[in-house]
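The values are calculated or read from the model by the stated rules, or taken from the named source; none is laboratory data. Bear in mind that the values here come from a model prediction, so they are computed numbers and not experimental data. Note that we place each Cβ from the backbone using ideal geometry, even for glycine, and neighbour counts take in every protein chain shown. When the accessible area is computed, the model is the full protein with side chains, heavy atoms only, and any ligands, DNA or RNA have been set aside. Shrake-Rupley method; radii C 1.70, N 1.55, O 1.52, S 1.80 Å.
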Amino acid sequence: MMQDLAKRSRSITSLRDFLELLGDAGQAITWSERVMPEPDVRNIAVAASRDANGAPAIVFDNIAGYPGKRTAVGVHGSWDNIALLLGRPKGTTIRELFFEIAGRWGDAAAQISIVPEGQAPVHECRIESGINLYDVLPVFRINEYDGGFYLGKASVASRDPEDPDNFGKQNVGIYRLQLQGPDSFTLMTIPSHDMGRQIMAAERTGLPLKIAVMLGNHPGLAVFAATPIGYEESEYSYASAMMGAPIRLTKSGNGIDILADSEIVIEAEMQLGERVLEGPFGEFPGSYSGVRKAPIFKVTAISHRKNPIFENIYIGRGWTEHDTLIGLHTSAPIYAQLRQNFPEVTAVNALYQHGLTGIISVKNRMAGFAKTVALRALSTPHGVMYLKNLIMVDADVDPFDLNQVMWALSTRTRADDIIVLLNMPAVPIDPSAVVPGKGHRLIIDATSYLPPDPVGEAHLVTPPTGPDIDELSKKIRAMQLGALQ
Amino acid sequence: MSKTVCPRCATGGALDDYQGKEGGKVVWTIHRCPTCCFSWRDSEPASAIGIGIRSADFAVDAANLDRYVKILQQ
Ligand SMILES: [Zn+2]
């Protein structure tokens, strides 16, 4: 059973394959009742998101005004869907999924295969004139006060304008795109992101910046391409290695490596030096971004499969698909980076709002050690901007089980075990910021005391724990489900 | 110049970008404001697109577009 799941996971090449796999496992549904683009699609996506463990992907095929078109949401919208993507059964715990991802580093080599353009499914249909994005994309307003219709789950591929022949310097990342008329869209990024650097390089040198926007992709790409990996590593190679499976690439009409099996690819060129109003957009902290002037891209061609599925995401105030999509892969690099210096770190949970709150399990080497580890976490690449609140717990506390974390907070924390670091860098879209881009950090040490700490007289209960108990809880759940059938 | 008024900046002249059709009948129209770049579908709830009903927190002042920051400046 487990081996079959792993094998099937490795055979996924496209969104379609994954939706079929999800459907077979009861994790994808088709919504054929007629819906309005607004507010129905958003409402249904939000309602599904309430079940972070078990929500299905939803494919809408009867949207008013979009006859014959399909929109998918929630493809990565639950832990069960993430488990199936990783070749694990439904009901796999978040902790197990975390170690599944953390354990894959350096495990396998990338397998890239090249599909000739004429044979790539993505190029089945080609539009080079009379372009109207709305003809192809059954968009909906993601949050009520968004400034327009957004593509919230687009993987954007581009070549470095100053080194266009370098495969490794191609960038693939998820950026929010706002449609700006039938053949244009804006792209939001910051200077430190790869795309931000490429835009600034193109405008500095006057070199063209061509991109390919991939929609409805291999489900591994969205999970692994949003990763804080080095600039000169290819996201495709990385995603392939992490999936333990080949990635099929082809060329877009404008010469960029793209996934051969994506549903839709939009080819576009940046309008050098031009900016138009972008936003607001309901972002992952659950607040709207402001309105700013962003670079605009002009669409030069569209390729798509026959009867394409437009994949989008509901993102906004959590819990949403965005949290399950990026949560584990935000947590795992922090874990790996901490372990380089501190093997006492046993797990990292940075699931909440892209790590604005993180929980780290660590075995205290000496009194106060957890605080040292917390400070190191703040200097990891993700920690520098994102880790705002850190809760440190003992190694025997599962940071993914909030009941256990609350136990640690309730029983291990002394008020003088709290550190506040004032006026630190902060991610600009944190809605709690007094000045965007700057804020305070909070470290709560909820680990056990060690001498020379005054330890007190209490002795902790050590309940049975470990894989045997994990298996027993799964067995109880299975017996319960069996009894209900 | 069209008479369609933008619900966000209250300027006229909005463009028609697309019409959703079923059996030849127009079900809704997507408009775009060339002044503030707002796009909307005329079938959306009034709370999002109703002039005077939509939250004023999200209004854009068409007379003061210089206040919006340009990202990725050299
Ligand atoms: Zn306007």
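Restricting the range A:35-56 to residues that are closer than 20 Å to A:LEU351 by Cα and in contact with a strand residue (DSSP E or B) (Cβ under 7 Å, 6 or more places away or on another chain), which is farthest from the other protein chains (Cβ to nearest Cβ)? The qualifying residue farthest from the other protein chains (Cβ to nearest Cβ) is A:PRO56. Cβ separations smaller than 6 Å between residues 6+ apart or across chains give the following pairs from the range A:133-147 residues that are open to solvent by less than 10 Å² (accessible area, probe 1.4 Å) to residues that are of a type in the set (Ser, Thr, Tyr) and outside any loop (DSSP other than H, G, I, E, B): A:TYR134/B:TYR18; A:PRO138/A:THR71; A:ILE142/A:TYR150. The number of residues in the range A:452-477 being aliphatic (A, V, I, L, M) and in contact (Cβ under 8 Å) with a residue 12 or more places away in the chain comes to 1.
Remark: pairs (first residue in the range B:6-25, free of Cβ contacts under 8 Å to residues at least 24 places away in the same chain; second residue more than 14 Å from the ligand (Cβ to nearest atom) and among the small types (Gly, Ala, Ser); Cβ separation under 6 Å; 6+ apart in sequence or on different chains) = B:GLY20/A:GLY65. Scan the range A:112-131 for residues that are at pLDDT 95 or above and in contact with a helix residue (DSSP H, G or I) (Cβ under 8 Å, 6 or more places away or on another chain) and jot them down. Those that are at pLDDT 95 or above and in contact with a helix residue (DSSP H, G or I) (Cβ under 8 Å, 6 or more places away or on another chain): A:GLU117, A:HIS123, A:ILE127.
The set of residues in the range A:298-312 that are open to solvent by less than 20 Å² (accessible area, probe 1.4 Å) and either more than 14 Å from chain B (Cβ to nearest Cβ) or in contact with a Lys or Arg (Cβ under 9 Å, 6 or more places away or on another chain) (or both) comprises A:ALA301, A:ILE302, A:SER303, A:ILE309, A:PHE310, A:GLU311, A:ASN312.
The numbered conditions (1) in contact (Cβ under 8 Å) with a residue 24 or more places away in the chain; (2) crowded, with 18+ Cβ neighbours inside 10 Å are all true for A:ALA83 except (1).
Considering the range A:18-39, and only residues there that are in a helix (DSSP H, G or I) and touching a residue at least 12 places away in the same chain (Cβ under 8 Å), the residue that is farthest from A:THR250 (Cα to Cα) turns out to be A:PRO39.
If we scan the range A:298-309, do we find a residue that is under 24 Å from the mean Cα position of the chain (by Cα), among the hydroxyl-bearing types (Ser, Thr, Tyr) and under 30 Å from B:TYR68 (Cβ atoms)? Checking the range A:298-309: not a single residue is under 24 Å from the mean Cα position of the chain (by Cα), among the hydroxyl-bearing types (Ser, Thr, Tyr) and under 30 Å from B:TYR68 (Cβ atoms).
When residues in the range B:12-51 are screened for being more than 8 Å from every other protein chain (Cβ to nearest Cβ), within 15 Å of the ligand (Cβ to nearest atom) and either open to solvent by 60 Å² or more (accessible area, probe 1.4 Å) or out of contact with any helix residue (DSSP H, G or I) (no Cβ under 7 Å at 6 or more places or on another chain) (or both), 11 of them pass. With the structure loaded, tell me whether A:ILE101 is more than 14 Å from every other protein chain (Cβ to nearest Cβ) and modelled with pLDDT of 95 or more or whether it fails that test. Considered against the rule, which asks whether it is more than 14 Å from every other protein chain (Cβ to nearest Cβ) and modelled with pLDDT of 95 or more, A:ILE101 comes out as no.
Restricting the first residue to the range B:32-53 and requiring it to be aliphatic (A, V, I, L, M), which pairs with a second residue that is within 9 Å of the ligand (Cβ to nearest atom) meet a Cβ separation below 8 Å and a spacing of at least six or different chains? Correct list of pairs: B:ALA48/B:PRO7; B:ILE49/B:PRO7; B:ILE51/B:VAL5; B:ILE51/B:PRO7; B:ILE51/B:ALA10. Screening A:VAL156 against (1) touching a residue at least 60 places away in the same chain (Cβ under 8 Å); (2) part of a strand (DSSP E or B) leaves a single unmet condition, (1). In the range A:278-291, which residues are open to solvent by 10 Å² or more (accessible area, probe 1.4 Å) and either among the hydrophobic types (A, V, I, L, M, F, W, C) or without any contact (Cβ under 8 Å) to a residue 40 or more places away in the chain (or both)? A:PHE284, A:GLY290, A:VAL291 - these are the residues of the range A:278-291 that are open to solvent by 10 Å² or more (accessible area, probe 1.4 Å) and either among the hydrophobic types (A, V, I, L, M, F, W, C) or without any contact (Cβ under 8 Å) to a residue 40 or more places away in the chain (or both). Scanning for something surrounded by fewer than 24 Cβ atoms within 10 Å (Cβ to Cβ), acidic (Asp, Glu), in contact (Cβ under 8 Å) with a residue 24 or more places away in the chain and not in a loop (DSSP other than H, G, I, E, B), does the range A:313-323 turn up at least one residue? There is at least one residue in the range A:313-323 that is surrounded by fewer than 24 Cβ atoms within 10 Å (Cβ to Cβ), acidic (Asp, Glu), in contact (Cβ under 8 Å) with a residue 24 or more places away in the chain and not in a loop (DSSP other than H, G, I, E, B). Criterion first (open to solvent by less than 10 Å² (accessible area, probe 1.4 Å), in contact (Cβ under 8 Å) with a residue 12 or more places away in the chain and either outside any loop (DSSP other than H, G, I, E, B) or away from every other protein chain (no Cβ under 14 Å) (or both)) does A:LEU272 satisfy it? Answer is no for this residue.
Where helices (runs of 4 or more DSSP H) sit wholly within the range A:367-485, those with at least 3 residues that are farther than 21 Å from A:THR357 by Cβ and open to solvent by less than 80 Å² (accessible area, probe 1.4 Å) occupy A:467-484. Taking the criterion of being open to solvent by less than 70 Å² (accessible area, probe 1.4 Å) and either more than 13 Å from the ligand (Cβ to nearest atom) or not hydroxyl-bearing (Ser, Thr, Tyr) (or both), the residues of the range B:52-74 that qualify are B:ARG54, B:SER55, B:PHE58, B:ALA59, B:VAL60, B:ALA62, B:ASN64, B:LEU65, B:ILE71, B:LEU72.
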